[in-house]
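See structure below.
What follows is calculated from the coordinates using simple rules that are stated; it is not laboratory data. Worth saying up front: this structure is predicted, and the values here are computed from it rather than measured. With ideal geometry, Cβ positions are generated from the backbone for all residues, glycine too; neighbour counts draw on all protein chains shown.
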Amino acid sequence: MKAAAEFPGDLGYRQAVQVAQRQRRAVMRRQPRQSGVGGRDVELRIEGGDPVALGPDLLAIPLPGHTRGSMALLVRNTFLFTGDHLWGGDDGESLEAGREVCWHSWTEQTRSMEKLLAFDFEWVLPGHGPRFHAPAPKMRAALERLIERMKA
């Protein structure tokens with residue numbers, strides 16, 4: 001269950017990123033530009049709490065908590081790009097989240113972690129902190145343990 005330096009199997013980290021980028025570009029070509037926060041143009045505004053399919057192998061999952069607009073990207077039901085709200089523990093055996101880097105709402109962040117239980121994935125790929133790899137059942141167990149710690 002330890003984080004690995006290289007990604008196993010036929011879809012590595014670089015390939016997962018490329019899949020996400022290709023699908024995002026394909027979706028964005030079909031979407032008109034919209035006004036985002038502060039009037040800035042955005043390619044696609046995702047509103048509400050439901051996951052949004054950005055392509056056949058790419059799902060955007062709204063996960064408010066760290067910030068009001070936090071999201072994760074799930075690629076091929078395997079790779080979860082988590083941004084700053086979820087990362088691997090230094091022990092290589094756990095998942096972590098930090099109240100000290102929660103800029104919006106810890107309560108909402110905890111609920112967002114519970115939402116992730118609806119998805120199977122094997123990799124947590126954070127914006128900061130260690131990545132984490134485990135088979136889906138062990139990943140779920142690690143996430144459940146984290147949620148319990150967050151509620152305490």
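For segment 52-73, the condition holds for no residue, the condition being that it is touching a Gly at 6+ places or on another chain (Cβ under 9 Å) and charged (D, E, K, R). Pairs are defined by a Cβ separation below 8 Å, a sequence spacing of at least 6 or placement on different chains, a first member in segment 118-135 that is touching a residue at least 40 places away in the same chain (Cβ under 8 Å), and a second member that is among the basic types (Lys, Arg); the pairs so defined are ASP120/ARG140; TRP123/ARG131; VAL124/ARG131; LEU125/ARG131; HIS133/LYS2.
For beta carbons closer than 9 Å, sequence separation of 6+ or different chains, a first residue in segment 66-79 that is at positive phi and a second that is assigned to a strand (DSSP E or B) and among the hydrophobic types (A, V, I, L, M, F, W, C), the qualifying pairs are ARG76/LEU58; ASN77/LEU59. Of all residues in segment 103-121, exactly one satisfies the criterion of being buried (at least 20 other Cβ atoms within 10 Å of the Cβ) and assigned to a loop (DSSP other than H, G, I, E, B), namely PHE121.
Okay, residues lined up against (1) surrounded by fewer than 16 Cβ atoms within 10 Å (Cβ to Cβ); (2) in a loop (DSSP other than H, G, I, E, B); (3) not small (Gly, Ala, Ser):
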| residue | (1), (2), (3) |
| --- | --- |
| ARG68 | yes, yes, yes |
| ASN77 | yes, yes, yes |
| LEU80 | no, no, yes |
| GLU93 | yes, yes, yes |
| GLU100 | yes, no, yes |
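Give me the residue from segment 82-91 that is in a loop (DSSP other than H, G, I, E, B), touching a residue at least 12 places away in the same chain (Cβ under 8 Å) and not hydrophobic (A, V, I, L, M, F, W, C) and, out of that set, surrounded by the fewest Cβ atoms within 10 Å (Cβ to Cβ). It comes out as ASP90.
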